[in-house]
Amino acid sequence: MAGLNQRLLTNHLQLSSLLLAGKTLVVLCNLSTCPGTVDVDGFGLAALVSSWWKAAEGAVPVEVHGGSQVMPHMNGRAYFANGCSNGSYNPADYLAFNLLGKTMRYTTDLSGSPCGCNAALSLTSMHHSTHPGECSDYYCDANSVCGQSCAEIDLQEANQFAWHSTLHTSTDSSGLGAGYGGGGTGWNGPRTWTAHQYGPNRECIDTTKPFDVAVSFPADVSCQLTSLRVVLSQTGRSCPLSFDIKGYSGMAELTEALRRGMTPTVSYWGSEDLGWMDGLGADQKGPCFLDAPKACSAAVRFYNFSIHDIEGSLCVQNLTNQRPASRSSTRPGNPVMAMPSGNPIKSERQKKFIFVQQRSGSQRAGFEEAAGDLSSSKVGLGAVAFLVGFIATFAVLIVLRCTRQLRGLEVPDDLCNTAISTVGGTSCLLAPSVCSKKMQPISDTSSDLKESQSSSTGLLARGPSVDPPIKASKACSKPRMGRNPLSPILSRLNLMLRHLCR
């Protein structure tokens, strides 16, 4: 009896682990990539498509609230689209906005994002991406974060202490930017503003509270981009912060990228190597001595989106030929899950490395490499996960019933209907001792009871049994309720489970 109890306990633990794995897979297969829609004044509804770029299992990458607020959670990323196929990614869904001659406005709330956090809103040419890349969602940017490069305009990369806006061509990872914060030994990040103007409880922008952002794309009469203009303002503050990024050598490429249409992207991540954005710099005038991503809040907010023509602009073009999303923009699709891929992305964590030509008078160069764990899975994985979860649940229930009987509890007669081990041509449930209250030992004890080859639960261990052979009583051989019609199905499921437990 002790040997049987030990075997049952071992198999119970195995089945419990299998059940947990099955349920986990089922949950992951049901992760949604469609958090909802937001209203963009001047366009209409935009659907959000979430990416499990680096979000942990079970985490919520991005939330949408009230039809106006987008809340990327830590390591979450999402793309503006005119539709969302739940569980899959299609570049044709991504919005392609031509912002030449227009201003994009929104409100951001960075409270709870100290040094080491990065709340970002950018434009990339994802609508025209032709390869799913290492992130499986067709994401591309100037730093080939997911293995695909394309033009990128960072409207903001910011936290409570630093702000960067940057222009990038598809091959220029450092780009040309402005704002405040960052630097390293021998070089400084942008110093368009000062620590007295931007930061928690500061003079012009108090980053403990929401503030408004206006990003304009001025263009000449031939609709060539001439600059990027950014203005930060806040209710109750009388000194808005602004700058213009002009003279970038890649303006022609960015003009063409905007004319073809670029996709707004929101993300939120943290790193201990964020000095390029918020570090002290050589002049020691940057905001952050140390990056502490563990102190980052769970999420940040972007809301009140709008896009309108610049008043008096000589360039007037259609924003997009795409239609707005509908309230019910979610479409069924194949699951794309946030499971680690066989080919991990280039680095362990989000990182940006800056390489600088010190005191040479040449333009500082840089390189960014961000990492995430995301891979796609097939529809079959969902089916397998469901089957594993179902089998494991059924098996655990049997084990629990068996365990109760071993403690002296009565076994219902109808449990004998399920054929698992056959002794002397009579069916009985589980090990001999389970049906001991319904069976009598036979006199022949010369042979050992070995695991029946027809057993399909994996609960009977191989080798001699410590219990004597038994024969079925009348109650076991002739169940009161008749033959269980599910017995053949359950037997086959148990056979599959036996192979899984080996």
Looking only at strands (runs of 3 or more DSSP E) that lie completely in region 121-221, which have at least 3 residues being among the small types (G, A, S) and in contact (Cβ under 8 Å) with a residue 40 or more places away in the chain?
176-180
Determine whether region 110-118 contains at least one residue that is modelled with pLDDT under 95, outside any strand (DSSP E or B) and either aromatic (F, W, Y) or surrounded by 24 or more Cβ atoms within 10 Å (Cβ to Cβ) (or both).
no
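With the requirement that a residue be surrounded by fewer than 18 Cβ atoms within 10 Å (Cβ to Cβ) and under 36 Å from the mean Cα position of the chain (by Cα), what does region 192-209 give you?
Kept after step one, since they are surrounded by fewer than 18 Cβ atoms within 10 Å (Cβ to Cβ), are these residues of region 192-209: 194-197, 200-201, 203, 208-209.
Passing the criteria: T194, A195, Q197, P200, N201, T208, K209.
For region 244-273, enumerate the residues that are more than 26 Å from F80 (Cα to Cα) and either under 32 Å from the mean Cα position of the chain (by Cα) or buried (at least 20 other Cβ atoms within 10 Å of the Cβ) (or both). Please lay out each step first, then the result.
Our first condition is that a residue be more than 26 Å from F80 (Cα to Cα); within region 244-273, this holds for 246-249, 272-273.
Within region 244-273, Y248, E272, D273 qualify.
Can you name every residue in region 318-327 that is surrounded by fewer than 16 Cβ atoms within 10 Å (Cβ to Cβ) and either more than 15 Å from V40 (Cβ to Cβ) or modelled with pLDDT of 95 or more (or both)? Steps first, please.
Initial filter on region 318-327 (surrounded by fewer than 16 Cβ atoms within 10 Å (Cβ to Cβ)): 318, 321, 323, 326-327.
If the condition is that a residue be surrounded by fewer than 16 Cβ atoms within 10 Å (Cβ to Cβ) and either more than 15 Å from V40 (Cβ to Cβ) or modelled with pLDDT of 95 or more (or both), then N318, N321, R323 are the ones that fit.
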Identify, by number, the condition in (1) of a type in the set (F, W, Y); (2) surrounded by fewer than 21 Cβ atoms within 10 Å (Cβ to Cβ); (3) in contact with a helix residue (DSSP H, G or I) (Cβ under 7 Å, 6 or more places away or on another chain) that F289 doesn't meet.
(3)
Residue check: is M71 among the aliphatic types (A, V, I, L, M), closer than 26 Å to L225 by Cβ and assigned to a strand (DSSP E or B)?
no
Taking the conditions exactly as written (touching a residue at least 12 places away in the same chain (Cβ under 8 Å), within 20 Å of T208 (Cα to Cα), crowded, with 20+ Cβ neighbours inside 10 Å and of a type outside the set (D, E, K, R)), does C239 satisfy them or not?
no
Number of positions in region 230-279 that are among the small types (G, A, S), under 23 Å from I310 (Cα atoms) and in a loop (DSSP other than H, G, I, E, B):
4
Going by what's in this entry, would G181 be described as crowded, with 20+ Cβ neighbours inside 10 Å and not hydrophobic (A, V, I, L, M, F, W, C)?
yes
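The values are calculated or read from the model by the stated rules, or taken from the named source; none is laboratory data. What you see is a predicted model; the values in this text were computed from it and never measured. All Cβ positions, even for glycine, are placed from backbone atoms using ideal geometry, and neighbour counts span all protein chains on display.
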